[in-house]
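Notes for the one structure printed next.
The values are calculated or read from the model by the stated rules, or taken from the named source; none is laboratory data. Bear in mind the structure is a predicted one, so any value in this text is a computation, not a measurement. Here the Cβ is made from the backbone with ideal geometry for all residues, glycine too, and neighbour counts use every protein chain on show.
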Amino acid sequence: MQEETIRILAIETSCDETSAAVVENGTRILSNVISSQIDLHKKFGGVVPELASRKHMEKMDPVIQEALEQAGTTFRDLDAVAVTYGPGLVGALLVGVSEAKAMAYAMGKPLIGIHHIEGHISANYIEHPDLKPPFLCLVVSGGHTHLVHVKDYGHYGVIGKTRDDAIGEAFDKVARAIGLGYPGGPAIDRIAREGNPDAIRFPRAFMEDGPYDFSFSGVKSAVLNYLNQAKMRGETVVVADVAASFQKAAVEVLVKKTMKAAKNHGFDTIALAGGVAANSWLRESLGAACKEAGIGFHHPSMLFCTDNAAMIGTAAYHAYRQGVRHGLDLNAVPDLKLPE
């Protein structure tokens, strides 16, 4: 019996990428258009929410039109409209949510709101059709550092999370401190390859009262203190060594806590998701640890690590099949919790 074809238009505007995609049956990406705002925010050293919202408004319609054209799809061919409605920057989210509601209403199509982290987790399904819940997922991005028990499609349990800075935020702040600019993650990843990861011993945070929780404010502060002390002493700072040593400290904590959670909870599969999942040291380190432990390891390709609408369309496909529908009262929720 032939599988029913479900075609979904997905929209993602949670931060500084305006993206639209047409996704068929969860894994067939007919289009995935991304308009990045990196150049706009680079001079400010980070995302300026008001500017991000205005740029989303400017780019939203052209990006959707391009996604439909690339997919060879018309509005009549769609079965649903999906959109990220949280968490994220409230102004940015509102642009996407308003657009999706208007389109769903005008076309008489179902509206499906998707959690941003659920989208990142679902990015793994695109290229790994054999991956099915339950499994453990390490979600690492500019705003999130979560260890998530993926119980089923649309059902999650947070095992651990950051108590302060998200890992991506720490990367950005350290990169700015050593003069690498924004965005910091890719810059540190590049220059760290030229440095000695054992040159400086930065602290690793392991909390007894939260074995799966994370904290990156300490290692970030340690880097800043190291730089200040070197300046006061008139010592030369080897930027590549600082980047490599910081990266090693941060990644070591991520890998050790992920492997500990997998062992203690009996997971035989680990997935990686989020913008920081593009970090080469993290991918290699977690992959090696999984191989040694005999645990399956999955991660998205670079394109699907950063914010994109294809991952939202993939998550929406599973939600659609489970009967999830939202009304036109759907609103942006900047601190939205993962559905249990």
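In table form, for the structure just shown:
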read-out: Count - residues of the range 129-150 that are surrounded by fewer than 17 Cβ atoms within 10 Å (Cβ to Cβ) and modelled with pLDDT under 95; value: 2
read-out: Residue list for the range 115-165, filter: out of contact with any Ser or Thr (no Cβ under 8 Å at 6 or more places or on another chain), outside any loop (DSSP other than H, G, I, E, B) and among the polar types (S, T, N, Q); value: N124
read-out: Positions within the range 167-185 being within 14 Å of the chain's Cα centre (by Cα), closer than 18 Å to P203 by Cβ and surrounded by fewer than 24 Cβ atoms within 10 Å (Cβ to Cβ), in sequence order; value: E169
read-out: Criterion violated by A123 - all others in (1) without any contact (Cβ under 8 Å) to a residue 60 or more places away in the chain; (2) touching a Phe, Trp or Tyr at 6+ places or on another chain (Cβ under 6 Å); (3) under 19 Å from A310 (Cβ atoms) satisfied; value: (1)
read-out: Qualifying residue in the range 263-271 (condition: crowded, with 19+ Cβ neighbours inside 10 Å, in contact with a Cys (Cβ under 6 Å, 6 or more places away or on another chain) and modelled with pLDDT of 95 or more); value: yes
read-out: Options V253, V276, V242; residue that is touching a residue at least 24 places away in the same chain (Cβ under 8 Å), surrounded by fewer than 23 Cβ atoms within 10 Å (Cβ to Cβ), among the aliphatic types (A, V, I, L, M) and part of a helix (DSSP H, G or I); value: V253
read-out: Count of residues meeting criterion [closer than 15 Å to E17 by Cβ and assigned to a helix (DSSP H, G or I)] in the range 84-94; value: 3
read-out: Selected residue (only one of V97, V47, V81 is within 22 Å of D329 (Cα to Cα), outside any helix (DSSP H, G or I), among the hydrophobic types (A, V, I, L, M, F, W, C) and in the same structural domain as D16 (by TED's automatic domain parsing)); value: V81
read-out: So N308, is it surrounded by 23 or more Cβ atoms within 10 Å (Cβ to Cβ) and either in contact with a strand residue (DSSP E or B) (Cβ under 8 Å, 6 or more places away or on another chain) or of a type in the set (V, I, T) (or both); value: yes
read-out: Residue tally, condition in a helix (DSSP H, G or I) and more than 24 Å from I29 (Cβ to Cβ), over the range 288-337; value: 6
read-out: Tally, over the range 10-36, of residues that are in a strand (DSSP E or B) and in contact with a helix residue (DSSP H, G or I) (Cβ under 7 Å, 6 or more places away or on another chain); value: 15
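To keep it simple, each residue is scored yes or no on (1) surrounded by 22 or more Cβ atoms within 10 Å (Cβ to Cβ); (2) of a type in the set (F, W, Y); (3) at pLDDT 90 or above; (4) more than 20 Å from Q322 (Cβ to Cβ).
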{"site": "I8", "(1), (2), (3), (4)": "yes, no, yes, no"}
{"site": "T18", "(1), (2), (3), (4)": "yes, no, yes, yes"}
{"site": "R28", "(1), (2), (3), (4)": "no, no, yes, no"}
{"site": "I34", "(1), (2), (3), (4)": "no, no, yes, yes"}
{"site": "E50", "(1), (2), (3), (4)": "no, no, yes, yes"}
